[in-house]
Amino acid sequence: MSLRTKLMLALLFTGLASVAMVGGLASYGLGKKVDIIRRQAAAEHFYSAVSDYLRPYGSWQAANQAEPFDLYMRRVRPAPADHLPPPELLRDRRGPPPPRADGDAPFHFILADQDFAVLLGAGVYRPGEPLPQAARRDARPVMVNGKVAAYISPEGVLTPSKEEQQYLDAMNEALWAGVSGAALLALALGVLLSRGLSRQLRHLISAVRAIEQGSLRQNVPVEGHDEVALLARAFNEMSAQLARSHEALQDSHRTISTQADQLRELSVRDALTGLHNRRYFDEQAASLYRHALRYQRPFAVVIADIDFFKRINDQHTHATGDAVLRAVGEIFRAHMRESDLVARYGGEEFVMAFPETGLAQAAALCDKLRELIAAHPWQELNPRLAVTISIGVAADLQAGSAEAMLQQADAMLYRAKQDGRNRVCSLAA
Ligand SMILES: Nc1nc2c(ncn2[C@@H]2O[C@H](COP(=O)(O)OP(=O)(O)OP(=O)(O)O)[C@@H](O)[C@H]2O)c(=O)[nH]1
C-alpha cells in the first residue's frame with residue numbers, strides 16, 4: 001500500500017471516528033437534556049395538580065371520595081395524552097403490578113400518603129403497600145395547610161412526544177449530515193495533502209535514481225516548510241556537495257592521469273635528444289621481432305655510432321658534442337617512417353628498428369642517413385666541425401631475438417669502424 005493511500009485512510013478513519021464520537025455524544029446528551037427538562041416539567045405539572053386536588057379536602061381519602069383523581073385531572077388539567085399516565089394506571093384498578101420491563105416504560109409518578117403508603121402505584125406498586133426506602137429518598141412532599149398530605153415519587157422514563165421525537169430525529173439527521181460532510185471533508189483533505197506529499201516524495205525518488213545513474217547534480221523543488229521540505233532542501237545541498245566533490249575528484253584524477261602520462265613518457269624518453277631511450281627500444285624491438293617472426297615478415301635492426309665523437313667533445317667542447325647528438329637525432333627522426341623505431345642507446349650510439357624492411361632496403365636507408373649527416377652544415381655549429389657516422393645493419397630473423405639481431409648489427413658496426421668509418425656494413429641473412 002502506498003504512503004499516499006495510507007495517509008488518506010488514516011485521515012479518513014480519524015475524521016470519521018472523531019465526528020462519529022462527537023455526533024454520538026451530542027445526540028446522547030441532547031436526548032438526556034430533553035428528558036430532564038420534560039421530567040421536571042411533568043413533575044411540576046403533577047405536583048401542582050395533586051396540590052390543587054388535595055387542598056380543598058386535606059387528605060387523599062376525602063378528595064378521592066369527592067371525585068376520583070383521574071376524573072379530576074381530565075376535568076381541570078388536561079394534558080397532552082403522552083404526558084399523562086393512562087387512566088388505568090391512575091385508578092389502580094388493575095390487579096398485581098406487571099413485571100418491570102426494561103426499555104420503553106412510560107414516564108409517570110407514584111403517589112403515597114403522609115405515611116408512605118402507596119395511593120397510586122403507577123403499575124409498579126399496589127395501593128396500600130409501603131413505598132420502598134429507595135423511592136422515599138426521591139419523594140417530594142405535597143404540603144396542604146402546612147402539613148404533609150402526600151408524597152410524589154418519580155418513576156419510569158419519559159417517552160418523548162411526537163413533536164419532540166421529530167425534533168430529536170431532525171437533530172440526529174443534522175448530526176449525521178455533519179458526520180457525512182466531515183467524512184467527505186476528511187477524504188478531500190486526505191486527497192489534497194497526500195497528493196502534495198507524494199508529489200514531493202516522487203521528486204525525491206526520481207532524483208535519487210538519477211544520482212544512482214551518475215547524474216549527481218540534482219535539484220528537487222522545495223515546497224513549504226515542513227519536514228519533507230527540510231528533507232528536499234537537505235537533499236539539494238547534499239547533491240550539490242556531492243557533485244562538487246565529484247568534479248574536484250575528476251579534476252585531480254585528470255591531473256594525476258596527465259602527470260602519469262608525462263612521467264611515463266619521460267621514463268621512455270632521452271632527455272638530450274627527445275628520442276626514445278634504450279629501455280623503450282628494447283621492449284618495442286622485442287615486440288616487432290616476435291611479430292615479424294610469426295608472420296615471416298622482413299625486419300631489420302641498426303646501430304649507428306658517431307665517428308670520433310670523443311674528439312668532437314675534446315676539440316669543440318662538450319656543449320658542441322651535445323648539439324651534434326641532438327642534430328643527429330633530429331635527422332634520424334625526420335627521415336623515419338611512423339612505423340620505424342629510433343632511440344638513443346647511450347653515449348653517441350643510436351639504434352633503429354625497421355618493420356617490413358629487408359636488409360638491402362635498410363642498408364640503403366642507412367646509407368642515405370649517413371650521407372645526410374655527412375652533408376649536414378655542421379660549420380654552422382662550429383667552423384671546423386665535421387661529423388660522420390658508421391652504421392651496422394642486421395636483418396636475420398634466425399638470430400633468435402631482437403637482442404641477438406642487435407648484437408649482429410653491433411658486429412657490423414665494429415666492421416664499419418674497422419673498415420675506416422663513415423660507412424654502412426650489413427649482415428646478409
Ligand atoms: N657531449 C657528449 N658526449 C658524450 C655523451 N655521451 C657520451 N659522450 C662522449 O662520447 C665519447 C665516446 O667516445 P668513444 O667511445 O671513445 O668513441 P669515439 O670517440 O666516437 O670513437 P669511435 O666510436 O671509435 O669513432 C666519450 O668521450 C663520451 O664522453 C653526451 O651525452 N654528450
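Among the candidates ARG217, ARG209, ARG195, which residue alone is assigned to a helix (DSSP H, G or I) and at pLDDT 90 or above? Only one candidate qualifies: ARG209.
May I ask you to verify whether SER18 is surrounded by 15 or more Cβ atoms within 10 Å (Cβ to Cβ) and among the small types (Gly, Ala, Ser)? When the stated conditions are applied, SER18 does not pass them. The set of residues in the range 328-357 that are part of a strand (DSSP E or B), within 15 Å of the ligand (Cβ to nearest atom) and among the small types (Gly, Ala, Ser) comprises ALA343, GLY346. In this structure, does ASP322 turn out to be under 60 Å from the mean Cα position of the chain (by Cα) and within 15 Å of the ligand (Cβ to nearest atom)? Spelling it out, it is not the case that ASP322 is under 60 Å from the mean Cα position of the chain (by Cα) and within 15 Å of the ligand (Cβ to nearest atom).
For the range 281-316, a residue qualifies if it is acidic (Asp, Glu) and more than 16 Å from the ligand (Cβ to nearest atom), and the qualifying residues are ASP282, GLU283.
Each residue in the range 111-146 was checked for being of a type in the set (Val, Ile, Thr) and assigned to a loop (DSSP other than H, G, I, E, B), and 1 of them qualify.
With respect to SER252, determine if the residue is surrounded by fewer than 11 Cβ atoms within 10 Å (Cβ to Cβ), among the hydroxyl-bearing types (Ser, Thr, Tyr), out of contact with any Pro (no Cβ under 9 Å at 6 or more places or on another chain) and at pLDDT 85 or above. Yes, satisfied. Checked against the criterion of being hydroxyl-bearing (Ser, Thr, Tyr), within 16 Å of the ligand (Cβ to nearest atom) and assigned to a helix (DSSP H, G or I), the range 246-261 contains not a single residue that satisfies it. Kindly check whether there is at least one residue in the range 156-168 that is surrounded by 15 or more Cβ atoms within 10 Å (Cβ to Cβ), in contact with a strand residue (DSSP E or B) (Cβ under 8 Å, 6 or more places away or on another chain) and outside any helix (DSSP H, G or I). Checked against the condition, which is being surrounded by 15 or more Cβ atoms within 10 Å (Cβ to Cβ), in contact with a strand residue (DSSP E or B) (Cβ under 8 Å, 6 or more places away or on another chain) and outside any helix (DSSP H, G or I), the range 156-168 yields at least one hit. For the criterion of being away from the ligand (no atom under 16 Å from the Cβ) and not aromatic (Phe, Trp, Tyr), ALA402 passes. Which residues, counting only those in the range 111-131, are over 11 Å from GLU155 (Cβ atoms) and either in contact with a helix residue (DSSP H, G or I) (Cβ under 7 Å, 6 or more places away or on another chain) or not hydrophobic (A, V, I, L, M, F, W, C) (or both)? Hits for the range 111-131 are ASP113, GLN114, ASP115, PHE116, LEU119, ARG126, PRO127, GLY128, GLU129, PRO130. When ALA207, ALA260, ALA186 are screened for being out of contact with any Lys or Arg (no Cβ under 6 Å at 6 or more places or on another chain) and free of Cβ contacts under 8 Å to residues at least 12 places away in the same chain, only ALA260 passes. If the condition is being crowded, with 24+ Cβ neighbours inside 10 Å and within 16 Å of the ligand (Cβ to nearest atom), then the range 358-378 contributes no residue at all.
As a summary of the residue check, ASP314 satisfies the conditions (1) part of a helix (DSSP H, G or I); (2) among the acidic types (Asp, Glu); (3) surrounded by 13 or more Cβ atoms within 10 Å (Cβ to Cβ) except for the one numbered (3).
Among residues of the range 206-233 being in contact with a His (Cβ under 8 Å, 6 or more places away or on another chain) and of a type outside the set (Gly, Ala, Ser), the one that is nearest to GLU247 (Cα to Cα) is LEU216. Going residue by residue through the range 33-52, is there one that turns out to be in contact with a Phe, Trp or Tyr (Cβ under 6 Å, 6 or more places away or on another chain) and surrounded by 15 or more Cβ atoms within 10 Å (Cβ to Cβ)? Yes, there is a match, as at least one residue in the range 33-52 is in contact with a Phe, Trp or Tyr (Cβ under 6 Å, 6 or more places away or on another chain) and surrounded by 15 or more Cβ atoms within 10 Å (Cβ to Cβ). Listed by first and then second residue, the pairs linking a residue in the range 361-384 that is basic (Lys, Arg) to a residue that is modelled with pLDDT of 95 or more, with Cβ atoms under 7 Å apart and 6 or more places separating them unless they lie on different chains, are ARG370/ILE389; ARG370/ILE391; ARG370/ASN422; ARG370/VAL424.
Applying the criterion of being closer than 18 Å to ILE306 by Cβ and of a type in the set (Ser, Thr, Tyr) to the residues of the range 379-409, the residue that is surrounded by the fewest Cβ atoms within 10 Å (Cβ to Cβ) is THR388. Could you please let me know if MET352 is in contact with a Cys (Cβ under 9 Å, 6 or more places away or on another chain) and either at pLDDT below 95 or under 20 Å from ARG278 (Cβ atoms) (or both)? Yes, satisfied.
The values are calculated or read from the model by the stated rules, or taken from the named source; none is laboratory data. Computed from a predicted structure; not experimentally measured. Counting neighbours? That spans all protein chains shown, and the Cβs are built from the backbone with ideal geometry, glycine included.
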